[in-house]
Amino acid sequence: MIYDVIIIGSGPAGVTAAIYAQRAELKSIVIEKTGFSGGQIINTYEVDNYPGTPGISGFDLSAKFREHCERLNTNFVTGEVVKLDIDNDIKVITLDDGSQYRTKTVIIATGGVPRHLDVPGEDKFSGLGVSYCATCDGAFFKNKTVAVVGGGDVAVEDAIFLSRICEKVYVIHRRDEFRANKSSVNKLLSIDNVVVLWDSVVDSIKGTETVESLDIKNVKSEEVSNIEVSGVFIAVGYVPSSDPYKDVVATDERGYIIASENCETNVPGIFAAGDIRTKDLRQIITAASDGANAITAVERYLTNN
(Lines give C-alpha, C1' and ligand atoms only; values in the text may rest on other atoms or scores of the structure.)
Protein backbone atom coordinates (compact mmCIF):
# COMPACT_ATOMS: atom_id res chain seq x y z
CA MET A 1 0.00 0.00 0.00
CA ILE A 2 1.08 3.55 -0.69
CA TYR A 3 -0.16 5.99 1.95
CA ASP A 4 -1.03 9.62 1.35
CA VAL A 5 0.80 10.60 4.52
CA ILE A 6 2.72 8.85 7.29
CA ILE A 7 3.02 10.70 10.58
CA ILE A 8 6.09 9.86 12.67
CA GLY A 9 5.46 10.56 16.35
CA SER A 10 2.31 10.71 18.46
CA GLY A 11 2.80 13.73 20.67
CA PRO A 12 0.46 16.74 20.40
CA ALA A 13 1.66 17.56 16.86
CA GLY A 14 1.40 13.97 15.66
CA VAL A 15 -2.04 13.25 17.08
CA THR A 16 -3.43 16.55 15.78
CA ALA A 17 -2.07 15.73 12.33
CA ALA A 18 -3.65 12.28 12.61
CA ILE A 19 -7.04 13.77 13.51
CA TYR A 20 -6.90 16.21 10.61
CA ALA A 21 -5.72 13.47 8.23
CA GLN A 22 -8.65 11.24 9.14
CA ARG A 23 -11.12 14.07 8.73
CA ALA A 24 -9.59 14.84 5.32
CA GLU A 25 -10.00 11.15 4.41
CA LEU A 26 -6.31 10.74 3.68
CA LYS A 27 -4.81 7.25 3.75
CA SER A 28 -2.55 7.58 6.79
CA ILE A 29 -0.83 5.83 9.67
CA VAL A 30 0.98 7.07 12.78
CA ILE A 31 4.31 5.48 13.68
CA GLU A 32 5.17 5.75 17.37
CA LYS A 33 8.04 4.34 19.46
CA THR A 34 5.77 3.30 22.32
CA GLY A 35 2.21 2.09 22.49
CA PHE A 36 0.79 5.30 23.90
CA SER A 37 0.35 8.87 22.71
CA GLY A 38 1.24 12.21 24.23
CA GLY A 39 5.00 12.47 23.93
CA GLN A 40 6.66 14.43 26.73
CA ILE A 41 3.38 15.64 28.24
CA ILE A 42 2.62 12.17 29.56
CA ASN A 43 5.30 12.90 32.20
CA THR A 44 3.83 16.29 33.14
CA TYR A 45 2.09 16.41 36.50
CA GLU A 46 -0.31 19.23 35.65
CA VAL A 47 -1.16 21.08 32.44
CA ASP A 48 -2.70 24.46 33.16
CA ASN A 49 -2.23 26.35 29.89
CA TYR A 50 -4.06 24.21 27.34
CA PRO A 51 -7.45 25.83 26.61
CA GLY A 52 -10.49 24.18 28.14
CA THR A 53 -8.61 21.75 30.37
CA PRO A 54 -7.28 23.72 33.37
CA GLY A 55 -5.43 21.54 35.87
CA ILE A 56 -5.59 18.35 33.83
CA SER A 57 -2.70 15.92 34.29
CA GLY A 58 -0.42 15.22 31.35
CA PHE A 59 -1.38 11.55 31.50
CA ASP A 60 -5.10 12.32 31.30
CA LEU A 61 -4.62 14.80 28.46
CA SER A 62 -2.55 12.23 26.57
CA ALA A 63 -5.34 9.69 27.06
CA LYS A 64 -7.87 12.16 25.64
CA PHE A 65 -5.64 12.72 22.60
CA ARG A 66 -5.47 8.97 22.00
CA GLU A 67 -9.19 8.50 22.52
CA HIS A 68 -9.93 11.21 19.94
CA CYS A 69 -7.69 9.48 17.40
CA GLU A 70 -9.22 6.09 18.05
CA ARG A 71 -12.76 7.46 17.63
CA LEU A 72 -11.69 8.43 14.11
CA ASN A 73 -10.16 4.97 13.51
CA THR A 74 -6.60 6.21 13.27
CA ASN A 75 -4.12 3.42 12.52
CA PHE A 76 -1.09 3.25 14.83
CA VAL A 77 2.11 1.28 14.22
CA THR A 78 4.63 0.73 17.02
CA GLY A 79 8.27 0.92 16.01
CA GLU A 80 11.31 3.16 15.67
CA VAL A 81 12.21 4.73 12.35
CA VAL A 82 15.80 3.95 11.35
CA LYS A 83 15.76 5.20 7.76
CA LEU A 84 13.83 7.54 5.50
CA ASP A 85 14.49 7.06 1.78
CA ILE A 86 13.45 9.92 -0.51
CA ASP A 87 15.18 8.91 -3.74
CA ASN A 88 11.93 9.12 -5.69
CA ASP A 89 8.43 10.56 -5.38
CA ILE A 90 7.37 7.69 -3.12
CA LYS A 91 9.12 7.88 0.24
CA VAL A 92 10.11 4.64 1.98
CA ILE A 93 10.23 4.44 5.79
CA THR A 94 12.15 1.56 7.39
CA LEU A 95 11.55 0.57 11.02
CA ASP A 96 13.92 -1.11 13.46
CA ASP A 97 12.22 -4.48 12.88
CA GLY A 98 12.94 -4.25 9.14
CA SER A 99 9.37 -3.50 8.10
CA GLN A 100 8.88 -0.82 5.44
CA TYR A 101 6.10 1.61 4.63
CA ARG A 102 5.60 3.58 1.41
CA THR A 103 4.04 7.01 1.30
CA LYS A 104 3.61 10.12 -0.80
CA THR A 105 4.31 12.49 2.12
CA VAL A 106 5.82 12.34 5.59
CA ILE A 107 5.25 14.45 8.69
CA ILE A 108 8.12 14.23 11.19
CA ALA A 109 6.77 14.97 14.67
CA THR A 110 9.26 13.15 16.87
CA GLY A 111 9.83 15.86 19.47
CA GLY A 112 12.87 15.43 21.72
CA VAL A 113 14.42 13.62 24.67
CA PRO A 114 15.67 15.07 27.98
CA ARG A 115 19.08 16.75 27.87
CA HIS A 116 21.77 15.37 30.19
CA LEU A 117 24.13 17.36 32.41
CA ASP A 118 27.16 15.26 31.42
CA VAL A 119 28.71 15.44 34.89
CA PRO A 120 30.51 12.72 36.89
CA GLY A 121 28.06 10.29 38.46
CA GLU A 122 25.11 11.07 36.18
CA ASP A 123 25.32 7.90 34.11
CA LYS A 124 26.43 5.76 37.06
CA PHE A 125 23.38 6.65 39.14
CA SER A 126 20.82 6.85 36.33
CA GLY A 127 17.77 5.07 37.76
CA LEU A 128 19.50 4.95 41.15
CA GLY A 129 18.59 8.46 42.24
CA VAL A 130 19.13 10.30 38.96
CA SER A 131 15.85 10.85 37.12
CA TYR A 132 14.55 12.88 34.20
CA CYS A 133 10.87 12.48 35.11
CA ALA A 134 9.55 13.77 38.42
CA THR A 135 6.02 12.47 37.92
CA CYS A 136 7.38 9.02 37.03
CA ASP A 137 9.80 8.63 39.93
CA GLY A 138 8.84 11.22 42.52
CA ALA A 139 6.90 8.74 44.68
CA PHE A 140 10.11 6.81 45.35
CA PHE A 141 11.41 9.82 47.29
CA LYS A 142 8.49 10.44 49.63
CA ASN A 143 9.61 12.30 52.77
CA LYS A 144 13.18 12.54 51.47
CA THR A 145 15.36 15.42 50.32
CA VAL A 146 15.81 15.85 46.57
CA ALA A 147 17.13 18.37 44.07
CA VAL A 148 15.74 19.68 40.80
CA VAL A 149 18.18 21.07 38.23
CA GLY A 150 16.94 23.71 35.79
CA GLY A 151 15.12 27.00 35.55
CA GLY A 152 12.47 26.58 32.89
CA ASP A 153 8.81 25.63 33.07
CA VAL A 154 9.48 21.91 33.46
CA ALA A 155 11.98 22.38 36.29
CA VAL A 156 9.68 24.72 38.21
CA GLU A 157 6.66 22.45 37.73
CA ASP A 158 8.71 19.44 38.82
CA ALA A 159 9.84 21.24 41.98
CA ILE A 160 6.28 22.22 42.88
CA PHE A 161 5.12 18.65 42.38
CA LEU A 162 7.97 17.20 44.46
CA SER A 163 7.45 19.71 47.27
CA ARG A 164 4.11 18.03 47.99
CA ILE A 165 5.67 14.65 48.72
CA CYS A 166 9.29 15.32 49.67
CA GLU A 167 10.65 16.68 52.94
CA LYS A 168 12.84 19.25 51.18
CA VAL A 169 13.46 20.29 47.58
CA TYR A 170 16.53 22.14 46.36
CA VAL A 171 16.21 23.92 43.03
CA ILE A 172 19.60 24.42 41.35
CA HIS A 173 19.69 27.07 38.66
CA ARG A 174 22.70 28.52 36.87
CA ARG A 175 21.17 32.00 36.63
CA ASP A 176 19.75 34.48 39.16
CA GLU A 177 16.19 34.31 37.86
CA PHE A 178 13.90 31.66 36.41
CA ARG A 179 12.89 31.45 32.75
CA ALA A 180 9.58 29.79 33.67
CA ASN A 181 6.22 31.56 33.57
CA LYS A 182 5.70 34.05 36.38
CA SER A 183 2.64 32.35 37.84
CA SER A 184 4.50 29.09 38.44
CA VAL A 185 7.60 30.89 39.71
CA ASN A 186 5.57 32.86 42.27
CA LYS A 187 3.93 29.65 43.43
CA LEU A 188 7.29 27.91 43.77
CA LEU A 189 8.87 30.73 45.74
CA SER A 190 6.00 30.69 48.22
CA ILE A 191 6.57 27.05 49.23
CA ASP A 192 8.29 26.63 52.60
CA ASN A 193 10.19 23.41 51.91
CA VAL A 194 11.78 24.67 48.68
CA VAL A 195 15.28 26.14 48.70
CA VAL A 196 16.60 27.82 45.54
CA LEU A 197 20.34 27.77 44.89
CA TRP A 198 20.89 30.62 42.44
CA ASP A 199 23.90 30.97 40.14
CA SER A 200 24.73 27.33 40.71
CA VAL A 201 25.42 24.18 38.72
CA VAL A 202 25.89 20.53 39.61
CA ASP A 203 29.60 19.70 39.58
CA SER A 204 29.23 16.00 40.35
CA ILE A 205 26.75 13.45 41.66
CA LYS A 206 28.02 11.27 44.50
CA GLY A 207 27.02 8.12 46.32
CA THR A 208 27.85 4.48 46.83
CA GLU A 209 24.99 2.35 45.56
CA THR A 210 22.53 5.23 45.11
CA VAL A 211 22.69 9.03 45.06
CA GLU A 212 23.72 10.48 48.42
CA SER A 213 24.91 14.01 47.69
CA LEU A 214 25.71 16.63 45.07
CA ASP A 215 28.73 18.86 44.67
CA ILE A 216 27.38 22.30 43.77
CA LYS A 217 29.51 24.99 42.14
CA ASN A 218 28.64 28.68 42.29
CA VAL A 219 29.28 30.03 38.79
CA LYS A 220 30.20 33.51 40.10
CA SER A 221 32.43 32.71 43.06
CA GLU A 222 33.47 29.24 41.77
CA GLU A 223 33.04 28.00 45.35
CA VAL A 224 32.08 24.32 45.57
CA SER A 225 29.78 23.06 48.32
CA ASN A 226 28.08 19.75 49.04
CA ILE A 227 24.40 19.07 49.76
CA GLU A 228 22.93 15.77 50.88
CA VAL A 229 20.08 14.48 48.71
CA SER A 230 18.53 11.12 47.96
CA GLY A 231 17.63 12.00 44.39
CA VAL A 232 18.22 14.54 41.65
CA PHE A 233 15.71 15.37 38.92
CA ILE A 234 17.29 16.86 35.81
CA ALA A 235 15.15 19.28 33.77
CA VAL A 236 17.50 21.29 31.58
CA GLY A 237 15.72 21.07 28.27
CA TYR A 238 15.51 18.59 25.43
CA VAL A 239 17.57 17.32 22.54
CA PRO A 240 15.62 17.00 19.26
CA SER A 241 14.99 13.41 18.12
CA SER A 242 16.15 14.10 14.59
CA ASP A 243 19.08 11.70 14.07
CA PRO A 244 17.42 9.52 11.38
CA TYR A 245 16.56 12.62 9.36
CA LYS A 246 19.69 14.79 9.55
CA ASP A 247 20.99 13.48 6.23
CA VAL A 248 17.55 13.82 4.64
CA VAL A 249 16.34 17.31 5.53
CA ALA A 250 18.11 20.49 6.60
CA THR A 251 18.64 21.02 10.35
CA ASP A 252 20.07 23.86 12.40
CA GLU A 253 23.21 23.67 14.55
CA ARG A 254 21.25 22.13 17.44
CA GLY A 255 19.63 19.44 15.32
CA TYR A 256 16.15 20.96 14.98
CA ILE A 257 14.60 20.48 11.54
CA ILE A 258 14.39 23.72 9.61
CA ALA A 259 10.78 24.19 8.53
CA SER A 260 8.47 27.09 7.74
CA GLU A 261 5.32 28.06 9.60
CA ASN A 262 3.38 25.72 7.31
CA CYS A 263 5.82 22.98 8.34
CA GLU A 264 7.48 22.58 4.93
CA THR A 265 11.12 21.43 4.97
CA ASN A 266 13.63 21.87 2.17
CA VAL A 267 12.54 18.51 0.72
CA PRO A 268 9.21 18.48 -1.18
CA GLY A 269 6.72 16.17 0.51
CA ILE A 270 8.56 16.12 3.85
CA PHE A 271 7.11 18.19 6.69
CA ALA A 272 8.18 18.79 10.31
CA ALA A 273 5.74 19.60 13.10
CA GLY A 274 5.91 20.27 16.82
CA ASP A 275 8.97 20.51 19.03
CA ILE A 276 11.24 18.98 16.37
CA ARG A 277 10.80 22.08 14.21
CA THR A 278 12.76 25.33 14.41
CA LYS A 279 10.49 27.74 16.28
CA ASP A 280 10.45 30.31 19.09
CA LEU A 281 7.84 28.70 21.33
CA ARG A 282 7.52 24.99 22.12
CA GLN A 283 4.21 24.35 23.89
CA ILE A 284 1.36 21.87 23.56
CA ILE A 285 -0.80 24.41 21.78
CA THR A 286 1.91 25.36 19.25
CA ALA A 287 2.60 21.69 18.55
CA ALA A 288 -1.09 21.03 17.96
CA SER A 289 -1.21 24.06 15.64
CA ASP A 290 1.72 22.62 13.68
CA GLY A 291 -0.14 19.33 13.26
CA ALA A 292 -3.09 21.12 11.68
CA ASN A 293 -0.86 23.27 9.48
CA ALA A 294 1.15 20.25 8.34
CA ILE A 295 -1.91 18.38 7.09
CA THR A 296 -3.12 21.49 5.26
CA ALA A 297 0.28 21.68 3.58
CA VAL A 298 0.15 17.94 2.80
CA GLU A 299 -3.24 18.34 1.09
CA ARG A 300 -1.86 21.21 -0.96
CA TYR A 301 1.16 19.15 -1.96
CA LEU A 302 -0.95 16.13 -2.94
CA THR A 303 -3.25 18.32 -5.04
CA ASN A 304 -0.32 19.88 -6.91
CA ASN A 305 1.63 16.65 -7.39
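The values are calculated or read from the model by the stated rules, or taken from the named source; none is laboratory data. Because the structure is a prediction, the values reported are computed rather than measured. Please note: Cβ atoms are built from the backbone with ideal geometry, for glycine as well, and neighbour counts cover all protein chains shown.
Just a yes or no: is a residue in segment 285-292 touching a Gly at 6+ places or on another chain (Cβ under 6 Å) and not basic (Lys, Arg)?
Of the residues in segment 285-292, the ones touching a Gly at 6+ places or on another chain (Cβ under 6 Å) are 287, 290.
Adding the requirement that they be not basic (Lys, Arg) leaves 287, 290.
Scanning segment 285-292 turns up at least one residue that is touching a Gly at 6+ places or on another chain (Cβ under 6 Å) and not basic (Lys, Arg).
Only one entry in ILE6, ILE41 is among the aliphatic types (A, V, I, L, M) and surrounded by fewer than 24 Cβ atoms within 10 Å (Cβ to Cβ), namely ILE41. Filtering segment 237-251 to residues that are touching a strand residue (DSSP E or B) at 6+ places or on another chain (Cβ under 7 Å) and either charged (D, E, K, R) or not in a strand (DSSP E or B) (or both) leaves SER241, SER242, PRO244, TYR245, VAL248, VAL249. So which residues in segment 25-48 are part of a loop (DSSP other than H, G, I, E, B) and of a type in the set (A, V, I, L, M, F, W, C)? Across segment 25-48, the qualifying residues are LEU26, PHE36.
Looking across segment 78-91, the residues that are loosely packed, with under 15 Cβ neighbours inside 10 Å and out of contact with any Gly (no Cβ under 8 Å at 6 or more places or on another chain) come down to VAL82, LYS83, ASP85, ASP87, ASN88, ILE90. Of the candidates THR105, THR44, the single residue that is out of contact with any strand residue (DSSP E or B) (no Cβ under 7 Å at 6 or more places or on another chain), in the same structural domain as ILE276 (by TED's automatic domain parsing) and touching a residue at least 60 places away in the same chain (Cβ under 8 Å) is THR44. One residue alone among LYS104, LYS64, LYS83, LYS91 is under 29 Å from ASN305 (Cα atoms), of a type in the set (D, E, K, R) and under 22 Å from the mean Cα position of the chain (by Cα), and that residue is LYS83. Taken together, the criteria place SER242 among residues that are touching a residue at least 12 places away in the same chain (Cβ under 8 Å), under 19 Å from THR103 (Cβ atoms) and surrounded by 16 or more Cβ atoms within 10 Å (Cβ to Cβ). Within the span defined as segment 84-97, one or more residues are more than 21 Å from VAL267 (Cα to Cα) and outside any strand (DSSP E or B).
Among the residues of segment 207-222, just one is β-branched (Val, Ile, Thr), buried (at least 16 other Cβ atoms within 10 Å of the Cβ) and over 15 Å from PHE125 (Cβ atoms), namely ILE216. The number of residues in segment 112-133 that are touching a helix residue (DSSP H, G or I) at 6+ places or on another chain (Cβ under 6 Å) and in a loop (DSSP other than H, G, I, E, B) comes to 1.
Look through ILE284, ILE276 and report the one residue that is hydrophobic (A, V, I, L, M, F, W, C), within 25 Å of the chain's Cα centre (by Cα), buried (at least 22 other Cβ atoms within 10 Å of the Cβ) and at pLDDT below 95.
Working: ILE276 fails: at pLDDT below 95.
Within the list ILE284, ILE276, the selection yields ILE284.
Counting the residues of segment 94-147 that are crowded, with 19+ Cβ neighbours inside 10 Å and basic (Lys, Arg) gives 1. Of PHE233, PHE271, all but one fail to be within 24 Å of GLU167 (Cβ to Cβ), under 20 Å from the mean Cα position of the chain (by Cα) and crowded, with 17+ Cβ neighbours inside 10 Å; the exception is PHE233. Of all the listed residues (SER200, SER225), the sole one being more than 21 Å from the chain's Cα centre (by Cα), outside the structural domain of THR53 (by TED's automatic domain parsing), crowded, with 16+ Cβ neighbours inside 10 Å and not hydrophobic (A, V, I, L, M, F, W, C) is SER200.
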